[in-house]
Amino acid sequence: MASALLANTLYSLGFVLEKRALTALPEVTVRRPARLLRLVLGSPLWIGGSLALAAGFAAQLVVYRTLPIAAAQGIFVSGLVLLVLLSARLLGEETSGRERYALGAILAALLMVVLSLREGPDGGDTVSRAAPYPLILLVCVPSLAMGVWLYNAAERRSRHRHRLPTTGVEYGVAVGLLYGVSSLAIKGVSGYLTASGIGGALLGLLRSPYPYLLLFTGAFGLVMSQAALQRCRASLIVPVCTTVTCLYTAVLGTLSFGETLPEDPLRLALRVVGTGLAVAVLLAMPRHDPPAPASPQPPIGAKELTPP
């Protein structure tokens, strides 16, 4: 639990620091990844944010060794509250009433997921250590392709001249899919940390798909998330990304790693309803920011009054 809360704090702080650094940089784009990396690596503030995210990654490894996947996601998503507070305090971002209600509904939905967990030494949820490699690849490879395709589609739509400014929901979903795959890979890596002997654990890890999934999601996720963060509000894109990541990991990770669903009807209903509510809220969130109010124009033919 302490590691999960620490990971929440580090992730929220890391995203906010990166967003603040990106606002001072020239526009970045996924079409020029080398330039993007050169710009962000020249920003000490961005490096501080990335180090915070890396420390959150280490804390996440500890969490997956001790908690079931669904329980871990329920705790991770509670960091959305801290993220919204930090973005308002440090970035000056404001959320609309509709967005605040949506975030509250997401937290309520994922609280249902947490309440659906079983506790106790005799009836508690099992913590699995491994999953069949073909099943992991069957789940992850289409998800990666879908995330990259969705991001490219959002990029094409955003380049239309008369399109309303996007809130970042599409970007958040796309990056969330990549981070969901990364989260499954982290879960897989955590299983090798319990192996006896560093050499045997490292050899087994290199024979698994997990380090290569982490390399792919790390490279593409870095470029995609930075471009999206610069264009959209962190207080919206990060919660959407986190929700997609948590739901993806909780549902597909539970099935892939064989962590069974609750047998009790009430707990099963809480988990199903909570997952469905979070998805419904995500689909109902606004896709565009309202246009900025236009400055009033004088009537055609009106003469400008000048002081005598």
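Before moving on, here are some points about what is shown:
- Residue that is modelled with the lowest pLDDT [pool: residues in the range 263-286 that are surrounded by 13 or more Cβ atoms within 10 Å (Cβ to Cβ) and outside any helix (DSSP H, G or I)]: Pro286
- Meeting the requirement of 3 or more residues that are within 20 Å of the chain's Cα centre (by Cα), the helices (runs of 4 or more DSSP H) wholly within the range 1-78 are 2-23, 44-66, 69-76.
- Only residues that are at pLDDT below 80 and part of a helix (DSSP H, G or I) were counted across the range 113-155, and they come to 3.
- Residue match in the range 197-217 (condition: under 13 Å from the mean Cα position of the chain (by Cα) and either of a type in the set (S, T, N, Q) or surrounded by 15 or more Cβ atoms within 10 Å (Cβ to Cβ) (or both)): yes
- Residue identified as surrounded by fewer than 24 Cβ atoms within 10 Å (Cβ to Cβ) and β-branched (Val, Ile, Thr) among Thr243, Thr260, Thr249: Thr260
- Hey, Ser208 of a type in the set (Ser, Thr, Tyr) and over 27 Å from Leu107 (Cα atoms) or not: yes
- Close pairs from the range 242-259: first closer than 19 Å to Leu138 by Cβ, partner not in a helix (DSSP H, G or I), Cβ under 6 Å, at least 6 apart: Ser256/Ala131; Phe257/Ser128; Phe257/Ala131; Gly258/Ser128; Glu259/Pro68; Glu259/Thr126; Glu259/Ser128
The values are calculated or read from the model by the stated rules, or taken from the named source; none is laboratory data. Note that the structure is predicted; figures quoted are calculated from it, not measured. A quick note on method: Cβ atoms are made from the backbone with ideal geometry, for glycine too, and the neighbour counts reach across all protein chains shown.
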